[in-house]
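Written below as structure tokens is the structure these notes are about.
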Amino acid sequence: MNEMLKITPIALYFIVGAISMKMAFKNLFAAKFLPFHEKASVTPWNEIDNQLKAVILSLLRLSGMGFLITALLMLVFPIVNYFNPNTFSKYAIPVMALIYCSGLFAINYRLYNKTKAKTPWKGSLYALLIILLGIIISIFS
């Protein structure tokens, strides 16, 4: 049972890591707005001037880097910590990802409230809750 408690947070973090990796690639290699951004802005991508497009793509890529860091943290460090236990990384790594997902949730929810665009606020809330559950389980393992 105790072994199962040690592995469960790793599995939970892996789920968040895999989704974050998918979002990292989506944002890093985006050639235009994501669909919900376009709906929220009420402006088609082809009507935006090139300088603003460059700014938007820069912000998307910056977001992609945040997803990439979160993905790497959630995919690598829990496994490393399993084989080489360290209390600091056991909690600090998931807490950093929790902070990112909390901000992501708040930003996406605020955008949803203001524009009614179908933002992924629920997905970021689920990621936040999965990480929180992993942290709680880690406390008891």
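Just so you know, all these numbers are worked out from the coordinates, no wet-lab data involved. Quick caveat, the model's predicted, so the values are computed rather than measured. Every residue, glycine as well, gets a Cβ built from its backbone with ideal geometry; the counts of neighbours run over all protein chains shown.
What the table shows:
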quantity	calculated
Gain in span if fully extended, Leu132 to Leu62, counting 0.36 nm per residue against the direct Cα distance	22.7 nm
Percent RCO, i.e. relative contact order, over the chain, from Cα pairs under 8 Å lying at least 6 residues apart	37
Packing rank of 114-121, 64-71, 45-52, where each peptide gets the mean count of other beta carbons within 10 Å, highest leading	64-71, 114-121, 45-52
R0 of 30 Å, Cβ-Cβ distance Ala18-Val42: FRET efficiency to nearest 0.05	0.40
Which of Met23, Met96, Met4, Met74 has the fewest Cβ neighbours within 10 Å, and the rest in rising order	Met4, Met96, Met23, Met74
Spin-label model distance (nm) - Phe88 vs Ala11, 7 Å beyond Cα toward Cβ	3.1
Label zone at Leu28, where the point sits 7 Å out along the Cα-to-Cβ direction: region 64-91 residues whose backbone N lies under 15 Å	64-76
Length released on extending from Ser102 to Thr115, taking residue separation times 0.36 nm less the Cα-Cα span	2.7 nm
Two-site label geometry, Ser141 and Ala54: point separation in nm, points 7 Å out along Cα→Cβ	4.7
Electrostatic dipole magnitude of the chain [Cβ: Lys, Arg +1; Asp, Glu -1; Cα centre; debye, to 20]	300
Debye intensity ratio in log₁₀ form over the Cα atoms of region 2-139, taken at each q of 0.15, 0.19, 0.20 Å⁻¹	-0.74, -1.03, -1.11
Ranking of Ile131, Ile56, Ile79 by count of other Cβ atoms within 10 Å, fewest first	Ile79, Ile56, Ile131
